[in-house]
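Asks: Below you'll find the structure I mean.
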């Protein structure tokens, strides 16, 4: 893994996007800087669980990082995505991703990362494998599991507050779709504290 590439990606990831979840925020407890997620141009959550160690001279050493294309961490195969949109205002939008997974080999819950790129929501769902499963995948390219797959269904909230009226698109592990908002999804009277007043919101 190219240290300069990882370092550049980590720097590009800070500050985190507005929709970042609490567990995706970097944390520092000397001498370790933990960065749960780093996006690449191609994919949200391309690199995960990055650990940097502070050195005596003030520099940082990349101690570990996991890539979603490695045997340790891989994307989930999503078969279908259903849009769930509330009728109340402001509108909430959820994506229900479903598919089938093998019955063994996972180390904890699936990881969900999302971002907005050029107006499209990109959602990436990945799973982390146990040491044994990682060894099997590295050696054989597949897991030694029961033949029967398990169905899964995951509901993912989208950060749609403040979106303009119109059609918005999404992609969840390659499965694409869209949803429509009939009006701007913002409560009347909202005004950003960090920007100059906008007459239509600040009253």
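The values are calculated or read from the model by the stated rules, or taken from the named source; none is laboratory data. All values derive from a computational prediction rather than experimental measurement. Here the Cβ positions follow ideal geometry from the backbone for every residue, glycine too, while neighbour counts run over all protein chains shown.
Asks: For region 40-61, which residues satisfy the criterion of being within 15 Å of the chain's Cα centre (by Cα), more than 15 Å from residue 25 (Cβ to Cβ) and either surrounded by 11 or more Cβ atoms within 10 Å (Cβ to Cβ) or in contact (Cβ under 8 Å) with a residue 60 or more places away in the chain (or both)?
Replies: Listed by number, the residues that qualify are 40, 43, 44, 46, 47.
Asks: For region 34-51, does any single residue satisfy the condition of being assigned to a loop (DSSP other than H, G, I, E, B) and farther than 27 Å from residue 172 by Cβ?
Replies: No: zero hits.
Asks: Is it the case that region 153-163 has a residue that's surrounded by fewer than 12 Cβ atoms within 10 Å (Cβ to Cβ), modelled with pLDDT under 95 and in the same structural domain as residue 124 (by TED's automatic domain parsing)?
Replies: no
Asks: Evaluate the following for residue 152: is it under 19 Å from residue 77 (Cα atoms) and either touching a strand residue (DSSP E or B) at 6+ places or on another chain (Cβ under 7 Å) or not in a strand (DSSP E or B) (or both)?
Replies: Against the criterion (under 19 Å from residue 77 (Cα atoms) and either touching a strand residue (DSSP E or B) at 6+ places or on another chain (Cβ under 7 Å) or not in a strand (DSSP E or B) (or both)), residue 152 qualifies.
Asks: Checking residue 80 against (1) closer than 30 Å to residue 181 by Cβ; (2) modelled with pLDDT of 90 or more; (3) buried (at least 16 other Cβ atoms within 10 Å of the Cβ), which test does it fail?
Replies: Residue 80 satisfies every listed condition except (3).
Asks: Can you find a residue that is closer than 30 Å to residue 188 by Cβ and within 17 Å of the chain's Cα centre (by Cα) anywhere in region 73-93?
Replies: Scanning region 73-93, I find at least one residue that is closer than 30 Å to residue 188 by Cβ and within 17 Å of the chain's Cα centre (by Cα), so the answer is yes.
Asks: Let me ask another. If I filter region 111-126 down to residues being surrounded by fewer than 15 Cβ atoms within 10 Å (Cβ to Cβ) and touching a strand residue (DSSP E or B) at 6+ places or on another chain (Cβ under 9 Å), which single residue comes out as farthest from residue 142 (Cα to Cα)?
Replies: Of everything passing the filter in region 111-126, 119 is farthest from residue 142 (Cα to Cα).
Asks: Only one of (1) over 20 Å from residue 44 (Cβ atoms); (2) assigned by TED's automatic domain parsing to the domain that holds residue 176; (3) not in a loop (DSSP other than H, G, I, E, B) is not met by residue 63, so which one is it?
Replies: Unmet for residue 63, out of (1) over 20 Å from residue 44 (Cβ atoms); (2) assigned by TED's automatic domain parsing to the domain that holds residue 176; (3) not in a loop (DSSP other than H, G, I, E, B): (2).
Asks: Taking the criterion of being under 20 Å from residue 38 (Cα atoms), outside any strand (DSSP E or B) and free of Cβ contacts under 8 Å to residues at least 12 places away in the same chain, would at least one residue in region 86-98 satisfy it?
Replies: No, that holds for no residue.
Asks: A follow-up question, please. Taking the condition modelled with pLDDT of 95 or more, surrounded by fewer than 19 Cβ atoms within 10 Å (Cβ to Cβ) and either closer than 29 Å to residue 181 by Cα or not assigned by TED's automatic domain parsing to the domain that holds residue 171 (or both), does residue 23 pass?
Replies: The answer is no for residue 23.
Asks: Could you check residue 28 against (1) surrounded by 14 or more Cβ atoms within 10 Å (Cβ to Cβ); (2) modelled with pLDDT under 95; (3) more than 15 Å from the chain's Cα centre (by Cα) and say which number it fails?
Replies: All conditions are met except number (1).
Asks: Can you run down the residue pairs with Cβ atoms below 8 Å, 6 or more apart or on separate chains, where the first is in region 144-169 and on the phi > 0 side of the Ramachandran plot and the partner is buried (at least 16 other Cβ atoms within 10 Å of the Cβ) and not in a strand (DSSP E or B)?
Replies: 162/185
Asks: Going by the structure shown, is residue 132 at pLDDT below 95, outside the structural domain of residue 96 (by TED's automatic domain parsing), loosely packed, with under 14 Cβ neighbours inside 10 Å and out of contact with any helix residue (DSSP H, G or I) (no Cβ under 6 Å at 6 or more places or on another chain)?
Replies: no
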